[in-house]
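Read-outs throughout are calculated quantities, based only on the coordinates presented, and are distinct from any laboratory measurement. Because the structure is predicted, anything quoted here is derived from the model rather than measured. Because the Cβ atoms are built from the backbone with ideal geometry, glycine has one as well, and the counts that use them run over all protein chains shown.
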Amino acid sequence: MAKGGGAENKSRFTVLNPSDDVVDWVLRQVEMLGAGWCPPGLIGLGVGGSAEKAMLMAKEALLEPIDMSELLERGPGNPEEDMRVALYEKINALGIGAQGLGGLTTVVDVKLKTYPTHASAKPIGLIPQCAADRHVTFTLDGAGAVELAPPSLQDWPEIVLEKTALAARRVNLDDLTRDEVASWQSGERLLLSGRMLTGRDAAHKRLCDMIAAGATLPVSFQGRFIYYVGPVDPVGTEPVGPAGPTTANRMDKFTEIMLSRTGLYGMIGKAERGAETVAAIARHRAAAVLISKAIKSSRLVAFEDLGMEAIHEFEVEDMPVTVAADAVGNSIHATGPLRWRRSGRA
């Protein structure tokens, strides 16, 4: 299974009392997971055994085929299937939706494995799997090289940028003002063009240590946007390899310093920001946006020794994004799911 850190880092474990309700615990955890695990996806559960057995079962459960539609059609046939259906319906009723923006589908399946355990305990492992549910099963029999057919691109819907552009505001990152950033509203769609900087955990830690020590930063962030990404090396004529966003809330502890001490205008990443970070964004009239990919060029500008965590400068053209947290403190990750939960449609 190829699995991103955003989903894996949201893994949970507990030992409930034997009389405690598994469904109630799982629902509380999913509400607290946020969007960093990239829903809609799967929830893998392991119930029973010991601590390590429960977590292993949760991971193994995620490798099982997605069969919720078939289960709903024929109806549950045992207590485990009853629990899967109950969790599927109750989790989707939370209104979290795709990427935590609100909607009817947060999980496409709930997978469950169980094992006998001591009568005094009820260990539970919970591991989410993101929307990119990438795994393959094959047998090594010594017959030769394995040939695995990739999925057909026809299985995915066509995404036409021109349709997005009709309802989006175009933004020139090279000629951006604080007042323009402050005019953006949570949920608004933008098309970004121009230059932006990159950086994630290791780069932020080094930058903030340098600021604390009074050192001069290797690159100016004044009036710039930073994209939370660790780009992979390019192949062939690519300007950059895979450069999808990393989970934004890992940078929350650095945000106040970056906004107050560097002149940074905004941040680009995925998933929700913490309450203190949303407040800091409003305090400094900055913005946080969600990201897609339209990178035209890339060059290394600082911290080469950090490898993929080094700071790069990207040049982008019509990069479609959505304003997640705006300059007055509104967050779409709070308002979106709330609308769906209250609307009666969830």
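Between residue 235 and residue 119, 0.36 nm times their residue separation minus their Cα-Cα distance comes to what? Going from the current span to full extension adds 36.2 nm. In terms of surrounding Cβ atoms within a 10 Å radius of their Cβ, 322, 237, 14 rank from fewest to most as 237, 14, 322. Expressed in Å, the radius of gyration and Dmax of the Cα atoms of the chain are 22.1, 66. Here each label is just a point 7 Å from Cα along the line to Cβ, and for residue 71 and residue 14 those points are 2.1 nm apart.
Sorting 107, 301 by the number of Cβ atoms found within 10 Å of their own Cβ, with the fewest placed first, yields 301, 107. Rounded to the nearest 20 debye, the dipole size of the chain about its Cα centre is 1020 debye, using +1 on the Cβ of Lys and Arg and -1 on the Cβ of Asp and Glu.
Bridge orientation summary for the range 5-129: considering DSSP beta bridges with both residues in this region, about 60 percent are antiparallel. For residue 301, the residues whose amide H sits under 5 Å from its own are 311, 312, 313, ignoring neighbours fewer than 5 places away on the same chain, with H placed 1.01 Å from N. Taking a ≥ b ≥ c as the square roots of the eigenvalues of the Cα gyration tensor, the range 161-336 is classed as oblate, since a/c reaches at least 1.5 and a/b does not exceed b/c. No solvent, one uniform scatterer per C-alpha: report log10 I(q)/I(0) for the range 215-268 via the Debye equation at q = 0.14, 0.16, 0.23 1/Å, two decimals. Relative scattering, expressed as log10 I(q)/I(0), comes to -0.48, -0.60, -0.95. By the count of neighbouring beta-carbon atoms within 10 Å, fewest first, 21, 133 end up ordered 21, 133. The residue list 190, 303, 282 was ranked by how far each Cα lies along the charge dipole of the range 161-336 toward its positive end, using unit charges on Cβ atoms, and 282 comes out on top.
Distances between placed amide hydrogens fall under 5 Å for residue 287 paired with 266, 267, all partners being 5 or more residues away or on another chain.
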